[in-house]
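To start, the structure under review is shown below, and the notes come after it.
Any read-out appearing in this document is the output of simple, stated calculations on the displayed coordinates, not a laboratory observation. Please read these numbers as outputs of a predicted model, since none were measured by experiment. Ideal geometry is used to build each Cβ from the backbone, glycine not excepted, and the neighbour counts take in all protein chains shown.
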Amino acid sequence: MLIGFSIALPGKFLTLPNMLNILRQTAMISVAAVGMVFAITAGQIDLSTGGITALSALVTALVLQKAPAGIGILAGLLVGLIGGALNGFILTKGRIPAFIVTLGTSSIYSGLARAITNLEAVSITNETYNHYFGSGDIGKIPTLFIWTIIIVALGQYVYKKTSFGRDVLSVGGNAAAAKYSGINVDKVKFICMVICAVTASFAGILYAGRMHGARYTLGENDNMNIIAAVVIGGTSFSGGKGTVFGSLLGSLVIGMLNNGLLMLGLSVNAQMVARGIVILAAVLLSLREKTSD
C-alpha cells in the first residue's frame with residue numbers, strides 16, 4: 001500500500017510531513033486497538049469503545065476546567081475503568097455474549113456523553129496538556145506517536161512476557177481446557193474487557209488533547225477501524241492468536257488507506273468501500289490460516 005500510493009502520488013504521499021500526519025491521525029486507533037487485541041484474543045469483542053472514548057474525552061475536558069492535568073487524565077481513565085468493569089461484570093455474571101453486552105452498553109455510554117454537556121463542545125485551554133497529550137511535538141516526533149509507542153510496548157510486554165498474557169491465549173484458544181488447567185476463565189475475560197475500555201478511554205484523552213477540546217462525536221466511528229486494525233494486524237477473530245505490535249501495523253495500514261484515497265480525491269463513500277474490502281480480505285486470510293492449521 002505504501003509503495004502503491006507513493007507511485008500514484010509522486011512527491012505528495014511519501015513525504016515526511018504526510019507520514020507524520022498519518023502517525024497523528026492513527027494514534028488514537030492504535031492505542032484503542034491494543035486493548036481490543038486482548039479482548040478478541042480471549043474470544044470476546046467490545047463494541048462500546050466509541051462511546052467510552054467520547055465520554056472519557058468529555059469528562060477529561062470538564063475536569064481540566066477546574067483541576068490540574070493529572071487529575072483530568074485520571075478522571076478520563078476512571079471512565080474506562082468503570083465502563084470496562086461494567087462490561088466485564090455483565091459478561092461474566094450474566095453469561096451474555098460480549099457482542100450483545102457491549103452493543104447495549106455502547107448506547108448507554110454514548111447517551112451519557114450526549115447528556116453530560118447537552119450536546120455542547122467543551123474546550124481545553126491547558127496548553128501543557130494540549131502539547132503533551134495532543135498536538136505537540138518533541139523534536140520532530142509527534143507526542144501522539146510517542147504515547148502510541150509507549151502503550152503498544154506496554155501491551156506487547158503484558159501479552160507476550162507475563163502469565164496473564166499466556167492465560168489470555170489459553171482462554172481464547174480453548175476456554176474449557178483452560179478452565180480444567182486451573183485458569184480462572186471469568187477473571188481473564190473480565191480483565192480483558194477492562195483493558196479494552198481503559199485503552200479506549202486513553203484514546204479519548206488523546207483526542208481531547210489533539211482537538212483542544214471534546215465533543216460527544218469523538219470516536220463514534222472508530223469501532224470498525226479499531227477492529228479492522230486488529231484483524232489486519234494478525235489477530236484471529238476465533239481467539240487464541242494475536243499480536244499487539246501487529247495491531248499497530250494494521251492501524252497504519254488503515255491510516256495510509258484513508259490518507260491515500262483522500263489525496264487521490266476519492267469521496268468518503270469510496271473510502272468506506274475500500275476499507276470494507278481490506279477488512280474482508282484480512283478476515284478471509286485469517287479464516288484460511290485457521291482452517292489450514
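Over the stretch 2-288, the ratio between the Cα radius of gyration and 2.2 N^0.38 Å evaluates to 0.98. Averaging over all projection directions, the Cα-based convex hull of the stretch 69-180 occupies 10.1 nm² in the image plane.
Other residues lying with their Cβ under 15 Å from the Cβ of VAL79 contribute a combined charge of 0, Lys and Arg counting +1, Asp and Glu -1. Using just its DSSP H runs of length 4 or more, each adding -39500 (n - 2.57), the chain gives a mean residue ellipticity at 222 nm of -24500 deg cm²/dmol after division by all residues.
Remark: relative contact order (the stretch 2-288) = 34 percent; criterion is Cα-Cα distance under 8 angstrom and separation of 6 or more residues. The stretch 1-70 and the stretch 138-176 have Cα centres lying 15 Å from one another. Taking other Cβ atoms within 10 Å as a rough exposure proxy, PHE145, PHE190 sort from fewest to most as PHE145, PHE190. The overall shape of the stretch 92-250 is oblate: from the C-alpha gyration tensor, with semi-axes ordered a ≥ b ≥ c, the ratio a/c is 1.5 or greater and a/b is no larger than b/c. Peptides 8-20, 152-164 ranked from most to least packed, by the mean per-residue count of other Cβ atoms within 10 Å: 152-164, 8-20. The length gained by stretching the chain between LEU262 and ASN174 to full extension, at 0.36 nm per residue less their Cα-Cα distance, is 27.5 nm. The protection proxy used here, the mean number of other Cβ atoms lying within 10 Å of each residue, ranks peptides 243-250, 101-108, 200-207 as follows, highest first: 200-207, 243-250, 101-108. Structure note, pairs LYS161/LYS189; LYS140/LYS241; LYS140/LYS160: Cα-Cα distances above 26 angstrom occur for LYS140/LYS241; LYS140/LYS160.
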